1. So which residues in segment 229-264 are touching a residue at least 12 places away in the same chain (Cβ under 8 Å) and polar (S, T, N, Q), if there are any at all?
2. Identify the single condition in (1) surrounded by fewer than 21 Cβ atoms within 10 Å (Cβ to Cβ); (2) away from ligand 1 (no atom under 16 Å from the Cβ); (3) not hydrophobic (A, V, I, L, M, F, W, C) that Ser255 does not satisfy, given that it satisfies every other one.
3. Among Leu308, Leu292, which is the only one that is buried (at least 18 other Cβ atoms within 10 Å of the Cβ), assigned to a loop (DSSP other than H, G, I, E, B) and hydrophobic (A, V, I, L, M, F, W, C)?
4. Is there a residue in segment 71-83 that is in a strand (DSSP E or B), out of contact with any Ser or Thr (no Cβ under 8 Å at 6 or more places or on another chain) and over 22 Å from Gly236 (Cα atoms)?
5. When segment 395-431 is examined, which residues are found to be in a loop (DSSP other than H, G, I, E, B) and closer than 21 Å to Arg163 by Cα?
6. Any idea how many residues of segment 369-383 are outside any loop (DSSP other than H, G, I, E, B) and either in contact with a strand residue (DSSP E or B) (Cβ under 9 Å, 6 or more places away or on another chain) or within 16 Å of ligand 2 (Cβ to nearest atom) (or both)?
7. Restricting attention to segment 346-374, and to residues there that are away from ligand 1 (no atom under 15 Å from the Cβ) and of a type in the set (D, E, K, R), which single residue is nearest to the chain's Cα centre (by Cα)?
Amino acid sequence: IAHDGTRIFSLTAQTGQSRIHPAGPTPSWGYNGAFAGPSLRAAEGDRVRIVVRNELPETTTVHWHGLKLPAQYDGGPHQPIAPGEEWIAEWEIEQPAATCWYHPHTHGTTEAQVTRGLMGLFILQDELSEWSGLPIDYGVDDVPVLVTDRSFNADGTFAARERTAFGLLGDTVIVNGALSPTFEVTRALTRLRLLNGSSARTYHFVVQGAPMTLVGTEAGLLPDPTPINSVTLTPGERAEVLVELEPGQTAMLQSVPHSLGLLQSTSRAAGAEDRFDVLELRAASSFAGPDLTIAGLGMIAQVLPPPLEAPDVTRSMVLTNNQINGATMEMSRVDQVVTVGARERWVIDNQHHLPHNLHIHNARFLVVSVDGEPPRDYERGWKDTVYAPPGRPVIIDVEFGRSADPEWPYMFHCHWLMHHDMGMMGQFVVI
Ligand code: C2O
Ligand code: CU
Ligand code: CU
């Protein structure tokens, strides 16, 4: 923390050898380490300065996914960091508690860089949620769960993954850089911050052996914690859930087969037919520490606003084969111009036979409807990435950050990373 109160972080993108697999070291990339990166933590109102050093053999960028911030610090393809160079992003956190993340966002090589291990969580806190009784002891009762998939060779090195219509699909799940991890639970209530950091795989999370309560979606907490049986996350999506255990009890976070509303062959290619044990929760024989319970939670977030009655602007986003509104990403073309403070409604119409999702930078949104129906439970909070099922239009009300800049664009795109790299992306400026 600097004398003026700015929170300073330093991230070095580097190559390394990680200990993921028992058979031997895995050459991989990470931030400040060999695989993935530290969880950054800041609170609403904080000024943050992040110094990024690139010690990789190629150009990279670091994008702060879920953050509202000035476009010049967004970390997209317009802010490349050459090997050996440093880049500094600095802004004031203008949004409430959420589980955001960071990852490379280079033009055309994002999937390859994320695959080598470049990703980390960016946790935002706020006062309301801190006083609400939600678990906030990082690594004790507040647990990051970064889920990705890879395939391995017999010597523990990464093997080429299967390439499907959605990108690279691995046969093994890695959680926070570990295979089949167990978390030792020492308190009654555990908060899991789930991130789907995969290129192509969709997860359908359930907890076997204990009830699960949804407390947050990507871009914010829910005013009303909701008991829930399962949460589906497409690439880039997050959720926060609470699991309450008795001393001595165990439970298993799993991803189980599910329907994405697709043909069977498509569903398999999206990884929707697989089953994985993701994280075992094993409670100690007695608990210490604060006695938090779901029943004892106070107010954790502001009430969600109702759907806009009269949006200032309505935009339509037609998704087809690797295109949005008939175009692929062009660095020099601005596709949409947003007025700062405008309350916008976007209609996402996936006219392709494959599933896609849509992520919008510098924004959070609420899902109004999916094919005319209300959103499912786990889509009923602030989000920044939403699943767009084939043939079923998704309507969202979007709230952008407060920065304006006519020069630097932000992006909106499909977060299946192969589609991202193939240019299923557009640019907007906020003026
Ligand atoms: Cu997580 Cu534009 O990306
Ligand atoms: Cu983003
Ligand atoms: Cu896509």
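The values are calculated or read from the model by the stated rules, or taken from the named source; none is laboratory data. This structure is a prediction, so every number in the text was calculated from the model and none was measured. Counting neighbours? That spans all protein chains shown, and the Cβs are built from the backbone with ideal geometry, glycine included.
1. Hits for segment 229-264 are Asn229, Ser230, Thr232, Thr234, Gln249, Thr250, Gln254, Ser255, Ser259.
2. Just one mismatch for Ser255, condition (1).
3. Leu292
4. No: segment 71-83 contains no residue that is in a strand (DSSP E or B), out of contact with any Ser or Thr (no Cβ under 8 Å at 6 or more places or on another chain) and over 22 Å from Gly236 (Cα atoms).
5. Answer for segment 395-431, where residues must be in a loop (DSSP other than H, G, I, E, B) and closer than 21 Å to Arg163 by Cα: Cys414, His415, Trp416, Met422, Gly423, Met424.
6. 6
7. The qualifying residue nearest to the chain's Cα centre (by Cα) is Asp349.
Quick grid of which residues meet (1) away from ligand 2 (no atom under 16 Å from the Cβ); (2) under 25 Å from Val231 (Cβ atoms):
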residue	(1), (2)
Arg315	yes, no
Gln323	yes, no
Met329	no, no
Val334	yes, no
Val337	yes, no
Gln351	yes, no
His359	no, yes
Val367	yes, yes
